[in-house]
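Chemist: Questions regarding the structure given below will be posed in turn.
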Amino acid sequence: MRWLILLAFAALAACDVTPTSPSSEAPPRAQSSQPQLSQQDARSRASVAAHQFVSVVQTVEPVAEQECRRRAPGANCDFQIVVDDRPGQPPNAFQTVDRTGRPILAFNLALIASVDNADELAFVMGHEAAHHVLGHLARTQQNAAVGAVILSGLAALGGADAAAVQSAEQIGASLGARTYSKDFELEADRLGTVITAKAGYNPVRGAQFFNKIPDPGNRFLGTHPPNAARMEIVRRTAAGL
């Protein structure tokens, strides 16, 4: 399991979801007066989260694979859903592929525990699956390669030395990978809405998960669009179903 997750991290992920976490510079808070969860309560909550995750996987995965086969004939649509069980990680989910090209949807324990309901978990799963169906990983890698070639070529033509050309190549790859990343996220939100709804969940309710993610605003070369734009895509897509 851990080897598979490390392999997944090694590949270029098409998307990741990292909810808001408290700032490390925030002043220390006074100790809460609320009693801590007992071991029994903690085990009970963990059991509920685990059962919810398994239920969502069993419901969403076949729908995602069906949409994949319908929209991307010839693609590998045999999704493998894995759990990163490393402790102390911030909530995260992402899509990648293994060495054979099999699509992987990865979720860590913190994300599984952070969702408020099954709709949110289903939406995140549908969104990540949509990245694969739409070929975003390959398109991102292609854009990165083009950016690397262009910027390193310009640096070489300008008389840069080998180190500067290599640095330009790395910068070009980063810029190229970001070129259409916002569009890719909105495309995945749109198809993710369809997958979530077809699996029997409420995508608009599920997209409330965006409230846990820091709003990136509309930054130049940012990787994600504003949360408001993403919610609007989900609402419009759901209304049209």
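Chemist: Residue check: is Gly200 part of a loop (DSSP other than H, G, I, E, B), at pLDDT 95 or above and surrounded by fewer than 23 Cβ atoms within 10 Å (Cβ to Cβ)?
Modeler: The answer is yes for Gly200.
Chemist: Moving to a separate point now. Please verify whether Glu67 is within 15 Å of Ile195 (Cα to Cα) and over 16 Å from the mean Cα position of the chain (by Cα), treating the condition exactly as stated.
Modeler: Here the answer is yes, as Glu67 does meet what is asked.
Chemist: Residue under question is Arg178, and the condition is that it be surrounded by fewer than 22 Cβ atoms within 10 Å (Cβ to Cβ), modelled with pLDDT under 90 and on the phi < 0 side of the Ramachandran plot; does it hold?
Modeler: Yes.
Chemist: What number of residues within region 83-101 are loosely packed, with under 14 Cβ neighbours inside 10 Å and either in contact with a Phe, Trp or Tyr (Cβ under 8 Å, 6 or more places away or on another chain) or not in a loop (DSSP other than H, G, I, E, B) (or both)?
Modeler: Total satisfying the criteria: 0.
Chemist: Could I ask something else about it? Residues that are under 19 Å from Ala118 (Cα atoms), touching a Ser or Thr at 6+ places or on another chain (Cβ under 8 Å) and in contact (Cβ under 8 Å) with a residue 12 or more places away in the chain: does region 80-96 have at least one?
Modeler: The answer is yes; a qualifying residue exists.
Chemist: Further, regarding this structure: List the number of the failed condition for Gln80; all other conditions in (1) over 14 Å from the mean Cα position of the chain (by Cα); (2) buried (at least 22 other Cβ atoms within 10 Å of the Cβ); (3) polar (S, T, N, Q) hold.
Modeler: Failing condition for Gln80: (2).
The values are calculated or read from the model by the stated rules, or taken from the named source; none is laboratory data. Please read all numbers here as calculations on a predicted model, not as lab measurements. Virtual Cβ from ideal backbone geometry, glycine too; neighbours counted across all protein chains shown.
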